[in-house]
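Peer 1: Provided herewith is a single structure, encoded as structure tokens, for subsequent inquiry.
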Amino acid sequence: MTVESVKIGKERKSIFKDKVMQLLPDGGNLNACLTCGACASGCPATGLADMDPRRFLRMAAMGLDDQILKTEWVWNCTLCWRCIYVCPMKIDIPQLVYHARKSWPREERPKGIRASCDMALVNESCSAMGASGEDFRMVVEDVLEEVRASQPGWENLTAPINKAGAEFFLNQNSREPVTEPDEMVPLWKIMSTVGADWTYGTKGWAAENYCMFMADDENWERIVRIKAKAVDDLGCKYWVNTE
Amino acid sequence: MSEVVDVSGEVGNFVVKVKKNPRYIDMEKCIACGLCAQKCPRKVDDEFNLGLNQRTSAYIKYGQSVPLKYAIDGETCIYLKRGKCKACEKFCPTSAINFEDQEEIVDLNVGAVILSPGFKPFDPSGFDFYGYGKIPDVVTSLEYERLLSSGGPCMGHLVRPSDHREPKSIAWIQCVGSRNTNRCENGYCSSVCCMYAIKEALVTAEHIAGEGLKQSIFYMDIRSHGKDFDRFYESAKAKGVRFVKARPHTIEAGQDNCGVTMRYAQEDGQVMIEHFDMAVLSIGLEPTTDVKQLADIFKLDLNQYRFAKTSDFSPACSNRPGVYVAGAFQTPKAIPRAVTEASTAAVEATTALIRSRGELTQQKIYPSERSIANEEVRIGVFICSCGINISGIINVDEVARYARSLPHVVHVENNLFSCSADTQEMMAKKIVEHSLNRIIIAACTPRTHEALFQETLQETGLNPYLVEMANIRNQNAWVHQREPEMATAKAKDQVRMAIAKAALSVPIERTKVNVIPKALVIGGGVAGMQTALSLADQNFETVLLEKSDRLGGNAWKVNTTDQGEAIRPYLESLIKRVETHSNIQVLKNASVTSAKGSVGNFSGTVQVNGGQREIAYGVAVLAIGGRESRPEEYLFGQDPRVITHLDLDAMLRDDPASLKKAQSIVFIQCVGSRDERRPYCSRICCTHSVKAVIHLKGLNPKMNVYVLYRDIRTYGEREDLYRKARDLGVLFISYGPERKPAVSLDGKDLTVKTYDPILRMPISIAVDHVVLAAAMEANDSHELTELYKCAANADGFLNEAHPKLRPVDMSVDGLFVAGLCNYPKPLNETIAQAKAAAARAAVILSQTEMTLDAIKSFVTDKCDGCALCLDVCPYRAIKLENYQAANGQGHFRIATDKALCKGCGLCSATCPKGGVYVHGFTMDQLRAQVVAALEDVA
Amino acid sequence: MIAIHVGQLARKLGVHRNTVTNWINSGKLKATATVGKKYLIDKNVFRIFCREYGISENILQELIGNETVPSKGDLPFTQNLNFNSKEVTMSAKPIGSVLVVGGGIAGMQATLDLANSGYFVHLVEKSSGIGGAMAQLDKTFPTNDCAM
């Protein structure tokens, strides 16, 4: 089967890549690729969707915007930064991927991520699983009670909620309170052992931010602001972000 | 032990303050016996072996150090730091230890300075993903050299650090600390790592016995751009070294922390996981740590990578008059260029100080030679222990006892180091005391110290050729380490043989030849002109021949140097200087028609404008240049839009507007190079391409430019140009020789088709122009090589005598080579080589006469002119002439040219009549040696 | 190089001109014939000659006025980044010695070239021995010669 040649006209343009370069400091070094492959060698997503970071960048450089803006590889990438870490030219492939994600029409973005983002926007918990502040409080108090009663030495363990003026505001990934509540406890014990003055909140308590993964900048910002406000409202000094 | 701390003054008169750090060992007394190191209790990391093993505080840098003297490390010595120990002092047999030694500051009054502080190997500890420092079997290339070296921590038996087993699979990772602006600031290419990795891979095969050795080199581009470097690369491939165009992300430790595991993506995207017994990081070359200090002291300009900043037109000159730079400090480079460009720096200094040549040096004066004609043979035998090198295997006492029993021997002794200065003094005394007239030195190879012993003899009034060496080190102790008894027996044989030969030795005269202080330079391009100027500035009359009617050669056709300096103004100024210089005679439309003679004394005829004239000269420099070949592919010659680099440069000069209009241009590299017809790299094309594309993008930023390449060879700081080209949006697409691009015409449309291995798709590019990097060829040198009996290599490039030790000398004494005719090179390297040729030529021209070694052939009466020897002489030093014998009969007889003859002995071996022998190696002497060798055989 | 006429030298040395000619022809005094019936003699050679024949070295000093002068071309060294060498005049005679910093392969080669062409060299090396990085190599490319 002969593969069709990619026909490159005299006026080849790489619109997408150029656009992203405008947005990044030093153009993200997006032109500097030596095609050495160090990125592809370390990328956990290399090979998925017949793609890897080196090929992705090359297609962008060639102006094959049609293809790279449609490949689902951009959703296989986890923005882990292994590529840019070893890249001799420090090329910002993660940003290229991110902007590719952004170019997808919202409703075509992966269903799971989209649903989680939408869910997080429902209330001020920002929980991708739809848990409310009250749900959260109830689970925490329930588990705490059990620990105090059944674990020797931990009778005085605390898991404060909405403690105004606490030094640390701890957030919590929704998965634990919803499906594996006991997994929250080790963190409480650590905070207790180091003598930290901390608290959970009922607003902005969920640590995850699926809108970021969705490349939905607006809602990403919105969620972050809700969380930040929750911390400020309680007068806490530090936001301990567990994500 | 010294460093420069300050400098004042100016060229012609600098005062340099040098701090001499204390050695704590008196160099006059030290005989390098090694006892101090043996007794020293304090161990520290051995920096020479890069910390792979340890040395003591009392140490010698390495076994063959010059000077061969020990030192005490003041930073770690227990006595110097804490007032306890002094074990070395107790045991030193010559009381050479001097703890009172102080730092000394001296003022040196000099006319010029050459800075060659070298480089610092890149430290990859910061590259945490390679595991250097954590994974034991990850080493740097320099550490690997030490592991391979017989003087190194494993004594040459290569084992891996983790479990000391022989590694069978080794991976090299290229470009560690070079071409990297993410994890370090070394955007440049270190120039040497590709070649040294290939060398290490090949040399490893000499150290690992048996099957199963697998060497793999992981690279981005293989930069084998020097003379014969591509052949080296191809031969490595043929020998099974695997070249993988990939870069691993992380190196992980193997099982039990032995060996390594690497994951890498091939060019086609496939991910491979491989285990290796060892990984070698090919580290780059950085400037030394004290380079900032040096720059401050000398007020030197450095470039952004802190290497010396120089102009391409004067590569050895710094910004400060009288201060010159050489070696890796000027820019990372390999040994051939370092040696060449050291000569360049030397000649710059020479020329600045020309009025004082010879002022501060002196000729050594020897006592007149005594005649031994009427003396009986009295032989002195000096048996060297060479520390423990020899005496550790051979029983030197036994050999000495044996020697005493041999005929003619009147004095025998055993020295620890026969070559040391104090032994020479003692030897001279014994020669006089015992009236010795033949000396045997049973020690190392003549190649190390024969000249030294010859001098010692001369200083006592003996002819230098009355010393004979028996090599009981390289040819005995070093190779029979496991058989000491047989080694001792063999040493006795060797001494006996040497004595048999020496008994027949007679004094031999060294020939002196006059030197005509005039130079002939053949070729009026930049190389020829720079050489001529350099020689002329040193007050040597120079004749410059140019075949065409115009000086300048290829430089007329090239726009800028690699650093972007404009060539035309420089060229015009250079030509003017040459044409008006009172010591240069320029002959155009000229060529050499005949040549005879030898170093110091050449003569011949030159054809100028149709007429012949005679010339006489002491040295000749060949700078006949090269040319761009005409491609035979890619529609070159069939479509005017397909052009070469020089065509492009012409267009950029004369008609840039037409290029500005272009929307799409493709460059194709390696057109006619690195193929079967020309299996070499033309070296300058990659750089020229990136310079050209940058220029084109400057004319029209929207232009789409593509470069189709096999390896991009922008070495050194030229890498910055490659980076700039990419940053401007130029696309570089690689291709392999088995899948070359194609240029086709479709109606009026020109298209270039190629396969992009990263896209994994064939692409077809519509273009306005195709620029071909046509191979460079040497200009035809057949006539000259015939005339001068010198040689060109298989690719037509004139050969230097030795690529590293004598890179501008030719193998015929008195001939030098410079420029493109030697090998393709950029303008700055041509200028450097041209000046270096002048430096080397000046060494000859600055003497009024030259002394040649006396080991030459001589003709006897038995020669009857059969002329069998004529053809075997590699130096064509033999000719046939008419001879009138004593009885009046005329016949042919050979005559040998002492200047051309190198004493190889082929003539003597070929002659069936005893008509020609070699002084110092006559048939009688060799026969005596053979008889002596077989004495014990039944 | 000193340039002399036979008669001139004979007068200075207080000998017959034939004596001088004989010296030159027999090779006792090495001189090269040049234009204008002059002979070129190397200063060092002359110094040795004087010593051997018990001639005062003052003669040498007197003859230095006959020294061949440097060329009229541009001054020898190329000035920094401007290839048009500025004429930098050195008022006094330059010192005929050079300092080489660094005893690696480049430093050693430069030292040898300079010494062999008549300049005294001070070679400064910061470690305890010369040889540099090349001494640490096992073999060298492209010939695979042993580095030592």
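Peer 1: For B:Ile31, which of the numbered conditions (1) at pLDDT 90 or above; (2) of a type in the set (Val, Ile, Thr); (3) under 26 Å from B:Gly151 (Cβ atoms) fails to hold?
Peer 2: Every condition holds for B:Ile31 apart from (1).
Peer 1: Filter segment B:558-606 for residues that are touching a His at 6+ places or on another chain (Cβ under 9 Å) and not in a strand (DSSP E or B); which is nearest to B:Ser689 (Cα to Cα)?
Peer 2: B:Asp562
Peer 1: Would you please name the residue that is farthest from the chain's Cα centre (by Cα), looking only at residues in segment B:758-778 that are surrounded by fewer than 21 Cβ atoms within 10 Å (Cβ to Cβ) and assigned to a loop (DSSP other than H, G, I, E, B)?
Peer 2: Checked segment B:758-778; the qualifying residue farthest from the chain's Cα centre (by Cα) is B:Asp768.
Peer 1: Any residue in segment B:333-354 that is more than 7 Å from every other protein chain (Cβ to nearest Cβ) sitting within a Cβ distance under 8 Å of a residue that is among the polar types (S, T, N, Q) and part of a helix (DSSP H, G or I)? List the pairs, counting only those 6 or more apart or interchain.
Peer 2: B:Thr340/B:Gln833; B:Thr344/B:Gln833; B:Val347/B:Ser534
Peer 1: Ok, one more. Tell me which strands (runs of 3 or more DSSP E) are completely within segment B:1-90 and hold 2 or more residues being under 32 Å from the mean Cα position of the chain (by Cα), within 24 Å of B:Met426 (Cβ to Cβ) and not assigned by TED's automatic domain parsing to the domain that holds B:Tyr132, or say none if there are none.
Peer 2: Where strands (runs of 3 or more DSSP E) fall fully within segment B:1-90, none carries at least 2 residues being under 32 Å from the mean Cα position of the chain (by Cα), within 24 Å of B:Met426 (Cβ to Cβ) and not assigned by TED's automatic domain parsing to the domain that holds B:Tyr132.
Peer 1: Now for a different question. So which residues in segment B:545-590 are within 14 Å of chain C (Cβ to nearest Cβ) and touching a Pro at 6+ places or on another chain (Cβ under 8 Å)?
Peer 2: Answer for segment B:545-590, where residues must be within 14 Å of chain C (Cβ to nearest Cβ) and touching a Pro at 6+ places or on another chain (Cβ under 8 Å): just B:Thr561.
Peer 1: Looking at C:Ala133, C:Ala147, which one is more than 7 Å from chain B (Cβ to nearest Cβ), surrounded by fewer than 23 Cβ atoms within 10 Å (Cβ to Cβ), within 29 Å of B:Thr204 (Cα to Cα) and out of contact with any His (no Cβ under 7 Å at 6 or more places or on another chain)?
Peer 2: C:Ala147
Peer 1: Still on this structure: Sort out which residues of segment B:239-280 are under 17 Å from B:Ile222 (Cα atoms), within 11 Å of another protein chain (Cβ to nearest Cβ) and among the basic types (Lys, Arg), and write them in order of number.
Peer 2: B:Lys245, B:Arg247
Peer 1: Would you mention how many residues in segment B:337-364 are part of a helix (DSSP H, G or I) and not hydrophobic (A, V, I, L, M, F, W, C)?
Peer 2: 10
Peer 1: From the list A:Gly37, A:Gly27, pick out the single residue that is under 20 Å from B:Glu719 (Cβ atoms), of a type outside the set (Asp, Glu) and in contact with a Phe, Trp or Tyr (Cβ under 9 Å, 6 or more places away or on another chain).
Peer 2: None of the other options fit; the residue is A:Gly37.
Peer 1: Spot the failing condition for B:Phe417; the list is (1) hydrophobic (A, V, I, L, M, F, W, C); (2) in contact (Cβ under 8 Å) with a residue 60 or more places away in the chain; (3) closer than 27 Å to B:Glu935 by Cα, and only one is missed.
Peer 2: Against the list (1) hydrophobic (A, V, I, L, M, F, W, C); (2) in contact (Cβ under 8 Å) with a residue 60 or more places away in the chain; (3) closer than 27 Å to B:Glu935 by Cα, B:Phe417 comes up short only on (3).
Peer 1: Going residue by residue through segment B:289-301, is there one that turns out to be free of Cβ contacts under 8 Å to residues at least 12 places away in the same chain, of a type in the set (A, V, I, L, M, F, W, C) and either assigned to a helix (DSSP H, G or I) or within 25 Å of B:Cys184 (Cβ to Cβ) (or both)?
Peer 2: Yes.
Peer 1: Could you tell me which residue of segment B:429-447 is surrounded by the most Cβ atoms within 10 Å (Cβ to Cβ), considering only residues that are over 23 Å from B:Asn389 (Cα atoms) and touching a residue at least 60 places away in the same chain (Cβ under 8 Å)?
Peer 2: Applying the filter and picking the extreme gives B:Arg438.
Peer 1: Only one of B:Glu450, B:Glu459, B:Glu485 is surrounded by fewer than 23 Cβ atoms within 10 Å (Cβ to Cβ), free of Cβ contacts under 8 Å to residues at least 12 places away in the same chain and either closer than 16 Å to B:Gly920 by Cα or of a type in the set (Asp, Glu) (or both); which?
Peer 2: Result: B:Glu485 is the single residue among B:Glu450, B:Glu459, B:Glu485 that is surrounded by fewer than 23 Cβ atoms within 10 Å (Cβ to Cβ), free of Cβ contacts under 8 Å to residues at least 12 places away in the same chain and either closer than 16 Å to B:Gly920 by Cα or of a type in the set (Asp, Glu) (or both).
Peer 1: Is it the case that some residue within segment B:357-366 is in contact (Cβ under 8 Å) with a residue 40 or more places away in the chain, closer than 30 Å to B:Gly12 by Cβ and within 14 Å of chain C (Cβ to nearest Cβ)?
Peer 2: Yes: segment B:357-366 contains one or more residues that are in contact (Cβ under 8 Å) with a residue 40 or more places away in the chain, closer than 30 Å to B:Gly12 by Cβ and within 14 Å of chain C (Cβ to nearest Cβ).
Peer 1: A follow-up question, please. Taking the conditions exactly as written (buried (at least 22 other Cβ atoms within 10 Å of the Cβ), within 23 Å of B:Gln929 (Cα to Cα) and in the same structural domain as B:Asp493 (by TED's automatic domain parsing)), does B:Glu468 satisfy them or not?
Peer 2: The answer is yes for B:Glu468.
Peer 1: Would you pick out the residues in segment B:675-684 that are buried (at least 21 other Cβ atoms within 10 Å of the Cβ) and out of contact with any Pro (no Cβ under 6 Å at 6 or more places or on another chain)?
Peer 2: Answer for segment B:675-684, where residues must be buried (at least 21 other Cβ atoms within 10 Å of the Cβ) and out of contact with any Pro (no Cβ under 6 Å at 6 or more places or on another chain): B:Tyr680, B:Cys681.
Peer 1: For segment B:737-750, state whether one or more residues are among the polar types (S, T, N, Q), crowded, with 17+ Cβ neighbours inside 10 Å, modelled with pLDDT of 95 or more and in the same structural domain as B:Val666 (by TED's automatic domain parsing).
Peer 2: No: segment B:737-750 contains no residue that is among the polar types (S, T, N, Q), crowded, with 17+ Cβ neighbours inside 10 Å, modelled with pLDDT of 95 or more and in the same structural domain as B:Val666 (by TED's automatic domain parsing).
Peer 1: Let me ask something else about it. For segment C:89-126: of the residues being surrounded by fewer than 18 Cβ atoms within 10 Å (Cβ to Cβ) and hydroxyl-bearing (Ser, Thr, Tyr), which is farthest from B:Phe232 (Cα to Cα)?
Peer 2: C:Ser91
Peer 1: Taking helices (runs of 4 or more DSSP H) that fall entirely within segment A:72-153, which contain at least 3 residues that are under 15 Å from the mean Cα position of the chain (by Cα)?
Peer 2: Result: A:73-76, A:93-103, A:111-120.
A quick yes/no check of all residues on (1) more than 14 Å from chain C (Cβ to nearest Cβ); (2) under 31 Å from the mean Cα position of the chain (by Cα); (3) of a type in the set (Lys, Arg):
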{"position": "B:Ser95", "(1), (2), (3)": "yes, no, no"}
{"position": "B:Val106", "(1), (2), (3)": "no, no, no"}
{"position": "B:Gly111", "(1), (2), (3)": "no, yes, no"}
{"position": "B:Phe119", "(1), (2), (3)": "no, yes, no"}
{"position": "B:Tyr130", "(1), (2), (3)": "yes, no, no"}
{"position": "B:Ser150", "(1), (2), (3)": "no, yes, no"}
{"position": "B:Gly156", "(1), (2), (3)": "no, yes, no"}
{"position": "B:Pro167", "(1), (2), (3)": "yes, yes, no"}
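Peer 1: May I ask you to verify whether B:Gly118 is small (Gly, Ala, Ser) and touching a Cys at 6+ places or on another chain (Cβ under 8 Å)?
Peer 2: So B:Gly118 fails the test.
Peer 1: In segment C:114-133, which residues are over 16 Å from B:Ser2 (Cβ atoms) and not in a helix (DSSP H, G or I)?
Peer 2: C:Ser117, C:Gly118, C:Tyr119, C:Phe120
Peer 1: Surrounded by fewer than 22 Cβ atoms within 10 Å (Cβ to Cβ), under 26 Å from B:Ser598 (Cα atoms) and at the interface with another protein chain (Cβ under 10 Å from one of its Cβ atoms), is that true of B:Lys789?
Peer 2: Judged against the criteria, B:Lys789 is not a match.
Peer 1: May I ask you to list the residues in segment B:686-713 that are under 21 Å from B:Asp756 (Cα atoms) and assigned to a helix (DSSP H, G or I)?
Peer 2: B:Cys686, B:Ser689, B:Val690, B:Val693
Peer 1: Specify the residue that is modelled with the highest pLDDT; the eligible residues are those in segment C:76-113 that are more than 7 Å from chain B (Cβ to nearest Cβ) and in a loop (DSSP other than H, G, I, E, B).
Peer 2: Step by step, filter segment C:76-113, then rank; the result is C:Gly103.
Peer 1: For segment B:281-329, enumerate the residues that are buried (at least 22 other Cβ atoms within 10 Å of the Cβ), under 30 Å from B:Phe218 (Cβ atoms) and within 11 Å of chain C (Cβ to nearest Cβ).
Peer 2: Scanning segment B:281-329 gives B:Leu285, B:Gly327, B:Ala328, B:Phe329.
The values are calculated or read from the model by the stated rules, or taken from the named source; none is laboratory data. Just so it is clear, the model here is predicted, and its values are computed rather than measured. Glycine gets a Cβ as well: all are built from the backbone with ideal geometry, and neighbour counts include every protein chain shown.
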